[in-house]
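Chemist: To start, I am sharing the structure in question, which I have written as structure tokens.
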């Protein structure tokens, strides 16, 4: 019998020779154009992997090496030695193994000592980061602190950029928060023996390493020999007592954690593994155990015979569970789960409504019933962006008629839709927010016009602001137009977006003043109808936008090729708005300002960009002053970060500009369509001329 994977990962015999591991800071090599990131990366879960993928991509673009700097022991065990509640999801050796699977070039395990912790911020940057790594790029979270007393932060580190010749790339607050939330969710899932949820959030199986030691050998007497394990790391998180389905290498295993109440009342807690269909000596070996499912809690049985029968039943159930796991799609590939008999890739729909969901079960519960009730003849697909809440379970239980795509991780709005729509074959896509309530007959007016007019590439309904009772035939008072889209999106000559029915924060009441069809410049992503073939021909949304303005950019590219965008007000929907992020949330401010600049560079002519980008710098500064007057200082910093992010990614944006132009020329149907562009400045017109309503422009 062979194939048992040893988990004691040593730098000398590491399983992935392409990755180098260093534990001695005095013998580090000279790294080539090092792109480094620093952190504990406990669990190396999906949130971490997104960050690490960014580091690897930056290393590839700079012709350099990715370097992950982590610490052993974990800093918390040194700084708070009396805190016995702290537990690790992964030990250092397990972490190294997972980083190797991802494809990181180098891992540096820095010894964390009290002396290391006492370094000043300057010593940390100059003597540790710069002298030992000579980085060209440092990727860290917005809340990263370092140095004695945590005196150093990202602003402190940025002061060294010009002097040391590196660039600091900040991991946005949302991504850092997602990592923290994921780690917390994983720990809670493991504490509750919810192995499947924990493994889903991790993106790999929860595992541990233990040395096989001598036990009481009672298992052999009843036909189930077990290996008693001592954990490699005393801070390693331990699962609750019970029976688990596990795997050691390619061998099925039964994992027992408990105090063996049947054999020794008041006995000490043990960890035992029975390798199914294996007969051999494992003493003194380091065994790597992957935990795949929870079978049952521990319990006291009457005698050895009852114990033998129970173990036999457990073995049968474990083999069944492991067979189920073996037939699941590997988690690193987006998994498609359908609740119908149809195989989605082989089905073509005329209209496919695709709702991207991330952690918004409450919105699905509130708004999905109207979509199901009033979308007859259309396929309804929910693409889940790896939600840590119970959205997926809720959909499976309550909406078996809906097709569910499990994308396994949070790709953001733009890339999430790209990945979902790759799997959906249809004539028309309807991209619909999870916080939208629809009205009877909302699809047909738009689809009918698009069937007749092949030049109409994108359309939207009239979008009103949701309130309790939305959809009543005779509301007590008129609805206001919703911020994101209203009765059709426009932009001004400087690239600032506004809507028919909404100029900046001023939203008009819907009195029927915009009930005629009108061509616009962009359609709202909250309820976005698009010809499926054009979505793919023009490259879909720009995934780097994450969220906000991606629909404007896509509409702009299509209009440059001669296509049209319209609002068709015979169709009406109600949008909650701010359901994911409030409109003045700093994260949203950052994305809106940065992505707007991206769109300008990708779509405006060079002759205009030469004066437009400096002008936008001044106007965005004025926007910051307005936030200052409202004491929204985090929003000011968001604008500053947006500009720095824009300039640091200018090379990539220029490459996208070139690719967009190629696609536009390949699929052009006429001259550039400039309808929906206001010939002046909407800022000047709104704030100085006091024009509040679109109809007064």
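Chemist: Give the peptides 442-452, 22-32 in descending order of average Cβ contacts within 10 Å, highest first.
Modeler: By packing density, highest mean first, the sequence is 442-452, 22-32.
Chemist: Still on this model: How high is the relative contact order of the chain, in percent, with contacts defined as C-alpha pairs under 8 Å that are six or more residues apart?
Modeler: The normalised contact order for the chain reaches 10 percent.
Chemist: If I stretch the segment between residue 301 and residue 675 completely, what's the gain in nm (0.36 nm per residue apart, minus their alpha carbon distance), one decimal?
Modeler: Working it through step by step, the gained length comes to 126.8 nm.
Chemist: Also: Tell me, what is a quarter of the convex hull surface for the C-alpha atoms of the chain, in nm² with one decimal?
Modeler: For the chain, the mean projected area of the Cα convex hull comes to 34.8 nm².
Chemist: So, in nm, how far is label residue 690 from label residue 422 when the simple model puts each one 7 Å beyond its Cα toward the Cβ?
Modeler: 5.4 nm
Chemist: Checking the a/c ratio against 1.5 first, then a/b against b/c, what shape does the Cα gyration tensor give for the range 452-529?
Modeler: Taking the square roots of the gyration eigenvalues as a ≥ b ≥ c, the range 452-529 is oblate.
Chemist: For the chain, what does the helix formula give at 222 nm: sum of -39500 (n - 2.57) over DSSP H segments with n ≥ 4, over the residue count, nearest 500 deg cm²/dmol?
Modeler: When only DSSP H runs of four or more count, the value is -10000 deg cm²/dmol.
Chemist: Within the range 36-78, list the residues whose amide N lies under 17 Å from a label point set 7 Å along Cα→Cβ of residue 655.
Modeler: Flagged as within label range: 53-66.
Chemist: Another question, then. Whole-Å semi-axes of the range 529-643's equivalent ellipsoid, largest first, each the root of 5 times a Cα gyration tensor eigenvalue?
Modeler: 27, 21, 12
Chemist: If you average the alpha carbon positions of the range 637-697 and of the range 20-43, how far apart do those two centres end up, in angstrom?
Modeler: One Cα centre to the other: 41 Å.
Chemist: Angle between the Cα long axis of helix 173-191 and the longest principal axis of the chain, 0 to 90 degrees, nearest 10?
Modeler: 40 degrees
Chemist: In degrees between 0 and 90, to the nearest 10, how far off the longest principal axis of the chain does helix 606-629 point, with axes built from Cα atoms?
Modeler: So the helix axis and the longest Cα principal axis differ by about 70 degrees.
Chemist: Here's something else I'd like to know. Helix 412-421: angle to the longest alpha-carbon principal axis of the chain, degrees 0 to 90, nearest 10?
Modeler: Helix 412-421 and the main axis of the chain meet at about 90 degrees.
Chemist: Roughly how far apart, in whole Å, are the Cα centres of the range 356-409 and the range 531-563?
Modeler: 24 Å
Chemist: Quick one: go through the range 145-174 and flag any residue whose amide nitrogen is under 15 Å from the point 7 Å out along the Cα-to-Cβ line of residue 127.
Modeler: 147-149
Chemist: In whole Å, what is the distance between the alpha-carbon centres of the range 439-478 and the range 144-161?
Modeler: Centre-to-centre (Cα) distance: 51 Å.
Chemist: Applying a 10 Å radius around every beta-carbon, put 113-120, 203-210 in order of their mean neighbour count, most first.
Modeler: 203-210, 113-120
Chemist: Based on the mean of other beta carbon atoms within 10 Å per residue, what is the order of 352-359, 95-102, 514-521, 121-128, most packed first?
Modeler: 352-359, 95-102, 514-521, 121-128
The numbers here are math on the coordinates, done by the rules we state, and not lab data. Quick caveat, the model's predicted, so the values are computed rather than measured. As a convention, Cβ positions derive from the backbone with ideal geometry for all residues, glycine included, and neighbour counts pool all protein chains shown.
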